[in-house]
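Heads up, the thing below is written out as structure tokens.
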Amino acid sequence: MKPLDFEVKRHYSLTISAVDSRGLASSATVVVTVSVIDVNDNSPTFLPSPKVIRFLGPLDEGKLIFKVIAMDADSGENGDMTYSIIQNTQDGNFTIDPHSGEIVTNLTIPVGRYDVSVMASDHGSPGLSARQQLMVYVLDNRAAALYPMFQQAWYRVDVNESVTTPHGLEDVNAVVGYKGNDKDVYYMLDAREHDGLFEVDTQTGVVSITRALDRETVSVYTVTVTAYNTLEPSYSSDTLVIVNVTDTNDEVPAFLFTQYDVSLVENAPVNTTVATLQAFDRDLNAKLVYHILLDEPEGLFRVTSEDNSAIVLLKGAIDCDAMDPDLDWAYSVWVSVSDGPHTGMPVHLRVHVEDLNDNWPQFEHSVYNVTVTEGLKACHEVLTVTAVDVDITDVNQLRYTIVEGDEDGLFEVADKTGILSLSCHSQEGLDRENKDGYLLKVTVTDMAGHEDTTSVNITVLDENDNPPVFLGSPFRAYTLEGAQSLRLSVSILASDADSGENADIVYSLRDHHEQFLVTTDTHHSPARGTLHVRQSLDREKASVYLENGTAVFSVTIIATDRGIRPLTASTVVEQQVGETPRLCCKSNRCLSSDGCFLANTTLGSSDVTVYVDDINDNEPSFDQDSYEVSLSENSLPGTSVLTVTGHDMDLPHNTHLTYNMQGQDVFVIDRDSGVVRVTGAVSVERQAHYTLSLVLTDGVYNSTAELMVNLLDVNDHHPVFDKPLYHFTVPENDLPGTVVQFVGRVSALDKDQGVNGAVSYNITSGNSQHLFLIAEPTEGSISVAGRLDRETRPHHTLIVTATDHGSPPRMISCVIEIEVLDANDNTPVFTSATYRGTVYEHAEHGTTVSMMPLVQATDQDIGLNAAVIYQLSGSGSRLFHMDLTSGVVTVSETGGRGLDRERKHLYVLEVGDTKGSTCMCWR
């Protein structure tokens, strides 16, 4: 809820209704006008002042300096203010009128600056205040020659809100210099101030309004006018124009609301105040007059004006009973308001007439008769009792109550509507079998406590709400399986608490049965049913058995009455076949008269148990037609392979099962337990699968089954190489990896099967330089992985290991001898880079040249790859001959004729071999 604010809204009109708790008059309504009383919650606010007030000095005593104006939104003393000066540049220079706010000099004021601080204090409690700071300059002639100075520091002008625009308000003339030159002055306004409502003539300083004023919107404006001189530099001064907007009666009075609702009791006296209405006019000092424009239907009201309020009075007697109900027992009064020139919109005053409760309610009937059917659900409506009361205040206000005849709380009546129904809180409901009628007393009470009473006679009709109930439950019977069971019959009896056709019973089976049927005997009351066996019973074909093997046959019998909506009850007849229990009957026909039926009566299932002795009429059988099992090949004699199980549908005293095995000496079966065991050695390598024939007998009948035993291999063999030592040859190679060189393949065999017989190969020794590899571990092929150099290592010895894939794995190793064959990959090397030889001139053909040292070259290869062939070349080589194999140099046939030391004493020859090696020889 928002707090009240005097400054926002000063009056409220409330419509208040009062209700009589005794009900003599339902309500009365009055309009209350609430006037909000002001509290001092607003501080005074000063109107703006010029930033600087300038005068030509000195100032004489009593000179009016400025008039401060402060506003306070509060009213009365809270809005009354007193002004005071709280600070002077020099104390005592200025004084202020505490009521008008006019500031005057208190003595002669010399040239200088003066700061004046003014405070406005309201008269509220506690008081609030505000401050305004003034800056006053008293100028000498020299300074006055620079600033435009207004004749007054502020101007006040009154203007009526009805004036037409444009309209001049005030001439704020300013002069420059002590001689009073007003030619060099122009005037300006801040265009943003008051949204352009005011303007000033720049040459004359006349302030005008530009559009219409509205006092009710803003009553006081402060306009700042600035005067500038035209000199260089330019100086300016400010003055204030206080525009006070005076009132014109231009507002139309209006009511706060368009309609008021009030109430009067029908016996109200003449001149009773019906309502006080308040209209408002925003004009100052408006005088409001009220009139009744329309008073219908009978002109029973008048109005007086008092303190600008309308007091509506009753001027005649009113009678609620004589009023037209279509008008909702109310009068309509239209009241208008006027301030003289203007008449406001009328207000609608509705006067509701309250009736006095002076009549008794009365039921339409003194006795109500009604019939209902039993079995109705809670909250079901039975009938409506209705009473009438001519009092208006009792319309829809009558209250109904059951005061007698409902001791069990089966009924309830809606207190406002008179609807009588079955109680929504009762769990029992109506039951004709318990009570077939009720007589209720119901009262009606009006708002004043007046009562009337009526009787309600309720007759309960029968409803087929009781299903048949089986008597003598549970039902049990005994018989033997086979032909004797056909002589069995079981008597079934049910009753129904309803009457007539609702109690007539017919028996049937819920489901179709090939072995049973039921008949109904209607000559008895209640009718009897008989269950017959129409096909012999077989104990072994039952679906339910007791712990001792007794078979149980269950038959559901339905007892249905002949009502319009028939109800049924079911019972389960269980026939048990097995060992003989304590008999519930003395003969094959079990009747209730022979003492077999218990005295209690229940609704639901009942058992008839038939016991049948067993005979050996079923063949035994294995739990499976065939078996398959896996067995490890190293299983020792006595190891259990599996246990087979047989069964016989006959009871244990008619069967003794034994197990046998035909045509087998490796396995044996225990005749009593059915455990199959190993009796001899088993090996996958010898035989991997066995098919055994099993025989089951109960002494009369036999059955067979097949057992497949699959032996699982065990890793019990090592791999074996086809030879313990392998010899391979491979040529040495210069560029390893360019061509994969196959060395040889090793092979090992493992007698195991599957993964146990799978073999992988790897080099485990002799391959530290990784010159060989087995690329595919399962193939055993060895190839060259690095460069082989016969001259560095002519032989390699490897250890290759073969490992099977069993768990744990088995392994074996073999030796690989690899001989590296020579390749002509080495160049002959001379024993010296130069050789020196001598021979006499004119030496004969074939003369050996003496060489130091002897010309000789060697080759690291072997065999033909190491053979060296010598030859000479160079200038003069035709004069000599070199032996191809020994390298001996002799004089050629040509040289024998041409060696002449005086002509040439030195020959430089080049000796080479067929592989390209060379050396220098000097001759």
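The values are calculated or read from the model by the stated rules, or taken from the named source; none is laboratory data. Just so it is clear, the model here is predicted, and its values are computed rather than measured. Virtual Cβ from ideal backbone geometry, glycine too; neighbours counted across all protein chains shown. All accessible areas refer to the heavy atoms of the entire protein, side chains included, with ligands and DNA or RNA removed. Shrake-Rupley method; radii C 1.70, N 1.55, O 1.52, S 1.80 Å.
Scanning residues 5 or more positions from residue 248 or on other chains, those with amide H under 5 Å from its amide H are 161, with H placed 1.01 Å from N in the peptide plane. Average accessible surface for the range 410-561: 46 Å² per residue, computed with a 1.4 Å probe over protein heavy atoms with every protein chain in place.
When the solvent-accessible area of the range 169-326 is split by element, carbon and sulfur atoms take up 48 percent of it, the probe being 1.4 Å. Loop-located GluC sites (Glu not before Pro) across the range 354-391 with a Cβ neighbour count of 14 or fewer within 10 Å are 364, with loop assigned by DSSP.
Ignoring ligands, DNA and RNA, what accessible area per residue does the range 294-407 give at 1.4 Å, in Å²?
52
Take each of the peptides 271-281, 622-632, 36-46, average the number of other beta-carbon atoms within 10 Å over its residues, and list them starting from the highest. Show your work: numbers first, answer last.
Values: 271-281: 19.1, 622-632: 13.5, 36-46: 16.3.
Listed from highest to lowest mean packing, they are 271-281, 36-46, 622-632.
Give me the percent of accessible area attributable to carbon and sulfur for the range 722-837, probe 1.4 angstrom. Could the numbers behind the result be given before it?
Numbers: 3430 of 6320 Å².
So the carbon and sulfur contribution to the accessible surface is 54 percent.
State whether the chain is rounded, prolate or oblate according to the following rule on the C-alpha gyration tensor (a ≥ b ≥ c being the square roots of its eigenvalues): a/c under 1.5 gives rounded; otherwise a/b larger than b/c gives prolate, and the remaining case gives oblate. Judged from the Cα gyration tensor, the chain comes out oblate (a/c at least 1.5, b/c at or above a/b). What is the range 81-201 by shape, rounded, prolate or oblate, if you read a ≥ b ≥ c off the alpha carbon gyration tensor as root eigenvalues and call it rounded for a/c under 1.5, prolate for a/b larger than b/c, and oblate otherwise? Oblate shape, in that a/c is at least 1.5 and b/c is the bigger or equal ratio.
By the rule of a C-alpha distance below 21 Å, with chain neighbours fewer than 8 residues away ignored, the lysines paired with residue 723 are 751. When the surface is traced with a 1.4 Å probe over the full set of protein chains, residue 424 keeps roughly 60 Å² accessible. Straight-line reach from residue 377: taking Cα to Cα under 26 Å and skipping same-chain neighbours fewer than 8 places apart, the lysines in range are 416, 435, 441. Can you list the aspartates and glutamates whose alpha carbon is less than 13 Å from that of residue 51, not counting same-chain residues fewer than 8 positions off? Once the sequence-local aspartates and glutamates are set aside, what remains near residue 51 is 115, 238.
Helix-only arithmetic for the chain: the sum of -39500 (n - 2.57) across DSSP H runs with n ≥ 4, divided by the residue total, places the mean residue ellipticity at 222 nm at 0 deg cm²/dmol.
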